[in-house]
Amino acid sequence: MLETIDLSKEYKIGVNILKVLRGINLTVNKGEVLGIVGPSGAGKSTLLHLLGGLDDPTRGRVVLEGKDISKLNNRQKAQLRNRHFGFVFQFYHLLAEFTAIENVMLPAILKNTESRDKIKEKAFDLLKKCGLSERLHHRPSELSGGEQQRVAISRALINMPKILFCDEPTGNLDTETGLHIKDLLWQLNKEYNMTLIVVTHANELVKDATRIMYLQDGVMLN
């Protein structure tokens, strides 16, 4: 479904070159949960950003269902992310002035293929599934960390993405709440046959993944 070919990312810092990723070759299968584990600074977030079209590689390719997304222009990449990818980050990135349901609705409104009433209905169903039916009209500042992350997950799912990218999705949560979020993600994978790519430093989070790979010093280890 998704693959990388000799994927590399470098940053120029003054006269020095920082090599963050070094020739990553990776294949992701439809419907699997892929855990990518590594210490801080290993390049996990950089890899996820490249896979999701949020950044461009220095060398190599990212191919989605036979199409090289590295060659798309910025507008095409934005459309790809909106229609086919969902993102869940460690720090939620909710819009402070919007309620929970408004945050969830936003990507579908931007996609502009359904009526507002239909989008609102879908957003409500997702928030209900995530246990937030009583928190629809609360703003992020009125929600706990776990509740904010569940809103972020609902938002990521509103357009029914092919792939859900999760970057340390429990990293800012206490252990019990983190386990609830993990269980929710795995449930969504089973229910929708949605591909999950989870990057984390915590082996415990991905111990039940279909497959686990390790990233160290920009190199992928099996």
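Read the figures in this text as sums done on the coordinates, not as results from a lab. Quantities reported herein were computed from a predicted structural model and do not represent experimental measurements. Methodologically, a virtual Cβ is constructed for each residue, glycine included, from the backbone with ideal geometry; neighbour enumeration extends over all protein chains shown.
By DSSP, the beta bridges lying fully in the chain are antiparallel in about 50 percent of cases. Extents of the range 95-202, largest first, come to 40, 31, 19 Å (Cα atoms, principal axes, whole angstrom). Shown here is the pair-distance distribution of the range 46-86: with all Cα-Cα distances grouped in 10 Å bins from zero up to the longest one, the shares run 31, 64, 5 percent. As a proxy for reagent exposure, ranking 160, 105 by other Cβ atoms within 10 Å from fewest up yields 160, 105.
The count of lysine pairs in the range 1-44 that are at least 8 places apart or cross chains, and whose C-alpha atoms lie under 20 Å apart, stands at 4. With 0.36 nm allotted per residue and the present C-alpha distance subtracted, the residue 216-residue 133 stretch has 25.8 nm of extension available.
If a/c stays under 1.5 just call it rounded; otherwise compare a/b with b/c (prolate if a/b is bigger, oblate if not). Do that for the range 146-215, with a ≥ b ≥ c from the square roots of the Cα gyration tensor eigenvalues. It is oblate, given that a/c is not under 1.5 and a/b is not larger than b/c.
Comparing Cα centroids, the range 113-171 and the range 4-42 end up 29 angstrom apart. For the range 67-222, the relative contact order works out to 26 percent when only alpha carbon pairs closer than 8 Å and six or more residues apart are counted. Number of Lys-Lys pairs in the range 95-222 with C-alpha atoms under 20 Å apart and a separation of 8 or more places or on different chains: 19.
With each label modelled as a point 7 angstrom along the Cα→C-beta vector, the residue 56-residue 95 pair spans 2.8 nm. Compactness of the range 35-109, taken as the C-alpha radius of gyration over 2.2 N^0.38 Å, stands at 1.28. How big, in percent, is the set of alpha carbon pairs in the chain lying more than 23 Å apart? In whole percent, the long-distance tail amounts to 47.
Think of the chain as having a plus end and a minus end, set by charges on the Cβ of Lys, Arg, Asp and Glu; of 11, 202, 64, 64 sits farthest toward the positive end of this dipole.
Overall, the range 89-222 carries a charge dipole of about 500 debye about its Cα centre when +1 sits on the Cβ of Lys and Arg and -1 on the Cβ of Asp and Glu, all other atoms neutral. Only helical runs count toward this figure. For the chain, summing -39,500 (n - 2.57) over DSSP H runs of n ≥ 4 and dividing by all residues gives -11000 deg cm²/dmol at 222 nm.
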